[in-house]
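Inspection log for the structure reproduced underneath, given as structure tokens.
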Amino acid sequence: QGGSVASSYATGNIGGGGFMMVHDVCRRDVVCVEYRETAPCAATREIYSKLNGTSRGQLSAGVPGTVRGMALAHQQFGRLTWQSLVAPAVQLAAEGFPIDSSLATSLNGWIKRLGDFPEARRVYSKSDGSPWQAGERLVQPELAKTLRLIADCGPDAFYCGAIADQIVAEMQAGGGLISKSDLAGYQAHLRWPVHGTYRGYEVFGPPPPSSGGIALVEMLNVLETFDLAKKKRESAEGTHLFVEAMRRAYFDRARFAGDPAFTDVPVARLTSKEYAREQAAGIDPHKATRSDELGRELLTKAEGESTTHFSVVDSAGNAVSNTYTLQDSYGSRVVVRGAGFLLNNEMTDFNLQPGATDRDGRIGTPANLVDPGRRMLSSQTPTIVMQGGRVVLVTGSPGGRTIINTVLGIVTNVIDFGMTVREAVDAPRLHHQWLPDITKSETGRISSDVRQQLESRGHRFDEPKKQGDAHSIWIDPATGVRHAAADKRISGHAAAE
């Protein structure tokens, strides 16, 4: 398990939302607990057209879903009491935990930028005002009080009780839109996952309003039409195919993906083998497709990368792949006064300017526009891979729009290139998201010679950048032995008991 866990404890993800994939051995199926945030009922496109992807403050917050989502998962699959389930979080907040160097650096940099958010600065600064150091203990008494109330009174404390009153007071103080009725009316959902097959494996990912499952299965279907192992992962030919598959899936993401309650998402078509063959046939092996030509009819917002993921497998073979987020680093930067937790800024995940789709990556397509009660599009891709009815891989990652491609890399590294889960997680990563028409890769993913070959085909590259934090578990189908790999890119650890 793992996945920027310390950062999640520090920021308190009860103000956010996400997706949880669950394989239950007794039920012998995989389901998705969807607890994505929703737009407040007072939200309009006119109000939010003035925001941009870096906006903070009360207006940027959607109705949080995490507490209802965890409660639904507990109701469906839990074996402990609700109080005992929440108790470790209460203890962590009350007694604190030693922060690592990554979190210390993150907190120190963030606190310097909190001029307009005094409550966040008060809660996360040291009492003497000195910088945080690795090993020092972060104690959060107000968050502990909030979590204790949730433990004792259940999720209604958050959505209908005293905590809801605190959230609404925060909205009124800062011009936000979340109302008491928004909170009381929020519901998490059990949804059937997106399901695909890849070289004899079954792949399960989250359905809309996440684009992750659709795009992952679409890319795998396209890549399945090629012999990737023969072409080799680091070659110009292999990299070219990965980029072209990514380009097409992210184009479809922009065209079709959104909240299924508000838009008709053609999931079956996009994840079909027939559609993948059509897509693969359009790939020129010697030339990069131009993204603006691929989506000419759409042309006339980027997601935050500070998400948390954890993967868990128990002794019975039950598996959980969970991804949740506040959106950007530390969400809206708004700490609910007296409650000790941050609110998300997920409203910036909507297409905020209708019709404005440009080559820089701004998307304005109808499928993800702001509407009251609508769930904003997500790239979260918690994934479970099975073979012969048994779980073999549990994975996922933070990283905004890069999430889907990070998971794609983990799955293909294991299945196509025979890597151990440790090797698959450590291997340098690749990303293309349709627009802007730029390929990004981590250092070591593309050699200078391969880059020159790809540039001659029309590919363009950005400077190397760290991508994702893909904590993963591989279960050897022959022996049943679990192999966990904590990603070294940010923080987190593997643990067993």
Which whole-number percent gives the relative contact order of the stretch 363-423, counting Cα pairs below 8 Å spaced six or more residues apart? 22 percent
Out of the total accessible area of the chain (probe 1.4 Å, heavy atoms of protein only), what percent is carbon and sulfur? 52 percent
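Hey, what number do you get for the chain at 222 nm if only DSSP H runs of n ≥ 4 count, each worth -39500 (n - 2.57), divided across all residues, to the nearest 500? Write down the numbers at each step before the final one.
Values: 19 runs with 174 residues, N = 497.
Computed mean residue ellipticity for the chain: -10000 deg cm²/dmol.
Can you give the net charge of the other residues whose Cβ lies under 13 Å from the Cβ of Lys273, counting K and R as +1 and D and E as -1? Write out the running numbers ahead of the final one.
Numbers: positive: Arg199, Arg269, Arg277; negative: Glu218, Glu224, Glu274, Glu278.
Counting the neighbours of Lys273, the net charge comes to -1.
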Which residues' amide hydrogens lie under 5 Å from the amide hydrogen of Arg36, considering only partners 5 or more residues apart or on another chain, with H built in the peptide plane? Gly18
Answer label, with Cα Rg over 2.2 N^0.38 Å calculated from the coordinates and candidates (1) 1.44; (2) 0.98; (3) 0.93: (3)
Inter-part distance where the stretch 376-393 and the stretch 189-254 are each reduced to a Cα centre, Å: 12 Å
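Can you tell me which of 247-256, 32-41, 124-133 comes out highest on packing, and rank the rest after it, using the mean Cβ neighbours within 10 Å? List each step's numbers first, then the result.
Working: 247-256: 23.7, 32-41: 25.5, 124-133: 12.5.
Descending mean neighbour count gives 32-41, 247-256, 124-133.
May I ask for the net charge around Ala496, where only other residues with Cβ less than 14 Å from the Cβ of Ala496 are counted and Lys, Arg are +1 while Asp, Glu are -1? Numbers along the way, then the final one.
On the way: positive: Arg482; negative: Asp314, Glu497.
Result for the neighbourhood of Ala496: -1.
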Accessible surface, the chain, averaged per residue in Å² (probe 1.4 Å): 39 Å²
The answer for the net charge of residues other than Pro98 whose Cβ lies under 10 angstrom from its Cβ, with Lys and Arg +1 and Asp and Glu -1, is -1
For the cross-link pairs Lys273/Lys488; Lys232/Lys466; Lys112/Lys465, which exceed 30 Å when the distance is taken from alpha carbon to alpha carbon? Lys273/Lys488
Using the Karplus curve 6.51 cos²θ - 1.76 cosθ + 1.60 with θ = phi - 60°, work out ³J(HN,Hα) for each residue of the stretch 167-176 in order, rounded to whole Hz, and write x for Gly and Pro. 5, 5, 4, 5, 4, 5, 6, x, x, x
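The values are calculated or read from the model by the stated rules, or taken from the named source; none is laboratory data. Since the structure is predicted, the reported quantities are computational estimates derived from the model, not experimental observations. Neighbour counts are summed over all protein chains in view; Cβ atoms, including those assigned to glycine, are modelled from backbone coordinates with ideal geometry. The accessibility values were calculated without ligands, DNA or RNA, using every heavy atom of the protein model including side chains. Shrake-Rupley method; radii C 1.70, N 1.55, O 1.52, S 1.80 Å.
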